[in-house]
Amino acid sequence: MTEQGLREVEHEITVRAPADAVYRLIAEVENWPRVFPPTIHVDQVEQHGSEERIRIWATANGEAKNWTSRRTLDPAARRIGFRQEVSAAPVAAMGGAWIIETLSAEESRIRLLHDYRAVDDDPEALAWIDRAVDRNSRSELAALKTNVELATAAEELLLSFEDTVRVSGSAKDIYDFLNEARLWSERLPHVARVQLREDTPGLQVLRMDTRAKDGSTHTTESVRVCFPHHRIVYKQTTLPALMTLHTGIWRLSEDPEGVTVTSQHTVVINTENIPKVLGARAGVAEARAFLRDALGTNSLATLGHAREYAERAAS
């Protein structure tokens with residue numbers, strides 16, 4: 001504490017990567033859901049020179065939160081200052097900085113600084129923030145270390161693809177079908193069980209059991225950010241064994257003739273589990289093919305039922 005009610009903390013980690021490469025990874029917020037486990041989605045609201053305003057959706061102590069921050073980028077000093085513009089309770093104010101320091105040509109130190117207050121300076125709320133900041137900071141730094149140091153290997157393990165369908169209906173009806181995931185066990189044959197929690201409008205926690213082609217089921221949990229009636233962004237927080245990351249987007253584009261609906265997936269393969277899931281002779285290529293087929297099949301099935309729903313509503 002430096003003054004009444006204000007907490008200041010610092011976390012750091014050393015990585016085997018050049019400082020400039022680390023700085024770029026942190027500066028590019030569109031990659032944060034891939035880099036930082038708590039981050040679900042980030043939108044850049046505005047940018048003026050070295051100043052930018054971003055909106056972040058992330059989990060903290062298992063709860064989904066969102067807030068708006070302003071950042072100041074200083075590439076020469078490798079420093080990124082941030083300050084929450086609109087904080088989510090129990091946080092009253094939050095700010096800090098990323099500082100990247102060169103240790104050698106191949107090694108750097110990442111320092112993550114935070115300062116914050118709790119609403120009404122409540123001690124219990126401050127303790128909650130302490131735990132969230134400590135957990136998220138350690139998680140963010142560990143993930144950043146892994147992503148930077150394994151950058152060359154990650155290219156082979158990263159899989160990103162899209163499936164698209166055309167619908168003779170309205171974007172609102174398609175969006176409603178995708179948004180009302182609590183009904184998916186009734187509407188989608190490959191969904192065995194579903195639970196949906198939406199404590200904040202447009203911010204959903206979706207847990208479901210999905211049937212595979214062989215009849216087995218696997219449980220996943222996702223946090224979804226919903227933007228009526230054109231986009232739903234999600235990140236799985238409980239993953240199947242073959243993935244260490246899975247993010248996705250349902251994107252709707254309406255025109256006078258109908259709607260183009262796209263399902264986008266981004267996956268990082270968990271190489272440790274390939275033999276257990278696909279057999280001892282399988283490798284990364286087989287894992288990529290398996291995931292492309294499995295995820296694409298489920299997405300196209302969902303889009304097919306959504307199209308039927310929307311076209312019935314339009315008829």
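The values are calculated or read from the model by the stated rules, or taken from the named source; none is laboratory data. On a predicted model such as this, the values are computed, not experimentally measured, just so you know. Don't worry about glycine lacking a Cβ; one is built from the backbone with ideal geometry, like all the others, and counts go over all protein chains shown. Accessible surface areas use protein heavy atoms only, side chains included; no ligands, DNA or RNA. Shrake-Rupley method; radii C 1.70, N 1.55, O 1.52, S 1.80 Å.
Details
- Complete set of residues in segment 84-110 that are assigned to a strand (DSSP E or B) and within 14 Å of Pro18 (Cα to Cα): Ile99, Ile100, Glu101, Thr102, Leu103, Ser104, Glu107, Ser108, Arg109, Ile110
- Exclusive hit being surrounded by 15 or more Cβ atoms within 10 Å (Cβ to Cβ), part of a strand (DSSP E or B) and of a type in the set (A, V, I, L, M, F, W, C), set Leu113, Leu141: Leu113
- Here Ile40 meets each of (1) open to solvent by 40 Å² or more (accessible area, probe 1.4 Å); (2) within 19 Å of Glu221 (Cα to Cα) with one exception, condition (1).
- Segment 53-83, subset over 20 Å from the mean Cα position of the chain (by Cα) and outside any loop (DSSP other than H, G, I, E, B), residue surrounded by the most Cβ atoms within 10 Å (Cβ to Cβ): Ile80
- Of the residues making up segment 13-42, those that are assigned to a strand (DSSP E or B) and over 21 Å from Gln204 (Cα atoms) are Ile13, Thr14, Val15.
- Subset tally (residues that are exposed (fewer than 15 other Cβ atoms within 10 Å of the Cβ) and either touching an Asp or Glu at 6+ places or on another chain (Cβ under 7 Å) or not charged (D, E, K, R) (or both)) for segment 301-315: 5
- Selected residue [over 30 Å from Ser139 (Cα atoms), of a type in the set (Ser, Thr, Tyr) and modelled with pLDDT of 95 or more] from Tyr309, Tyr234: Tyr309
- Flag for Glu85 being touching a strand residue (DSSP E or B) at 6+ places or on another chain (Cβ under 8 Å) and either under 14 Å from Glu140 (Cβ atoms) or at pLDDT 90 or above (or both): no
- Between Val191, Val167, the distinction of being touching a Ser or Thr at 6+ places or on another chain (Cβ under 6 Å) and either crowded, with 20+ Cβ neighbours inside 10 Å or over 25 Å from Arg292 (Cβ atoms) (or both) belongs to Val191 only.
- Pairs where the first residue, in segment 215-227, is of a type outside the set (D, E, K, R) and modelled with pLDDT under 90 and the second is exposed (fewer than 14 other Cβ atoms within 10 Å of the Cβ) and not in a strand (DSSP E or B), C-beta under 9 Å, 6+ apart: His218/Ala212; His218/Ala241
- In segment 7-34, the residues that are modelled with pLDDT of 90 or more reach residues that are of a type in the set (Val, Ile, Thr) and surrounded by fewer than 15 Cβ atoms within 10 Å (Cβ to Cβ) with C-beta atoms within less than 6 angstrom, at least six apart or across chains, in these pairs: Glu8/Thr2; Ala19/Thr102.
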